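Structure record follows, encoded as structure tokens.
The values are calculated or read from the model by the stated rules, or taken from the named source; none is laboratory data. Quick caveat: nothing in here was measured; it's all calculated off a predicted structure. We place every Cβ from the backbone using ideal geometry, glycine too, and count neighbours over all the protein chains shown. To get the accessible areas, we keep the full protein, side chains included, count just its heavy atoms, and leave off ligands, DNA and RNA. Shrake-Rupley method; radii C 1.70, N 1.55, O 1.52, S 1.80 Å.
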Amino acid sequence: MYHKFIATIAALSIAITGLSATSAAAGDRNRDLARIAVGVLGVAIVGKIIHDNNKDRQNREHANQGHVNRGHVVTRDRVQPRPLPQKYREQKRHQRQDSKLLPQSCFRSYDTRRGQVVMFGSRCLQKNFRHANRLPQHCAQTIRTFQGTRSGYDARCLRGAGYSLARG
């Protein structure tokens, strides 16, 4: 790809050099025609490069489509694992749902100078939530309350990440 591009640029520079030498000897009219010709030639070359690039990309996608490789299906340059049988899919779904349910006992509300903050306490989650080490770190926060410093996870941020409060 890059070899074609460099060769095209080299050919274009040689053509421009030749045209500029002839246009220096010719009058204004010939100079204008030469500039127009060079402009059209440059646009045509860039168009051809883009066309070749798109054609190569389509050929690669077509070659990769539907190729099976040791338990994985390659589709459009992405590797996807083979689907699990139905009973295992349902077990995994329930495990995922359980791993996204946060204990209600860890849900706290604190008063700060800036107002009320709603969060899940980090120590409580470590004790009562099996998947506490998988919580998104961008939701972790430390706040200063009137009773001291508290650390935990912002409730709105966790809700945006797919977590919810376990009822019961």
Find how much the distance from Ala7 to Asn30 grows on full extension, using 0.36 nm per residue of separation minus their present alpha carbon separation; answer in nm with one decimal.
5.6 nm
Evaluate the Debye formula for region 94-168 with equal point scatterers sitting on the alpha carbons, no solvent, and hand back log10 of I(q)/I(0) at q = 0.12, 0.17, 0.19, 0.24 Å⁻¹, in q order, two decimals.
-0.30, -0.60, -0.74, -1.13
Which whole-Hz couplings ³J(HN,Hα) result when phi for each residue of region 108-114 is put into the Karplus expression 6.51 cos²θ - 1.76 cosθ + 1.60, θ = phi - 60°, listed in order with x for Gly and Pro?
10, 10, 10, 9, 10, 5, 8
Taking the Cα centre of each part, how many Å lie between region 105-168 and region 27-50?
65 Å
Rounded to the nearest 10 Å², what accessible area does Asp32 show when all protein chains are kept and the probe is 1.4 Å?
80 Å²
How much solvent-accessible surface does Ser105 expose, in Å² to the nearest 10, with a 1.4 Å probe and all protein chains in place?
70 Å²
Label point distance in nm, Arg159-Ile50, each placed 7 Å from Cα along Cα→Cβ:
4.6 nm
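Could you order Arg57, Arg150, Arg123 by accessible surface area, starting with the largest, using a probe radius of 1.4 Å?
Greatest to least solvent exposure: Arg123, Arg57, Arg150.
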Search the structure for amide H atoms under 5 Å from the amide H of His131, placed 1.01 Å from N in the peptide plane, and list their residues when 5 or more places away or on another chain.
none
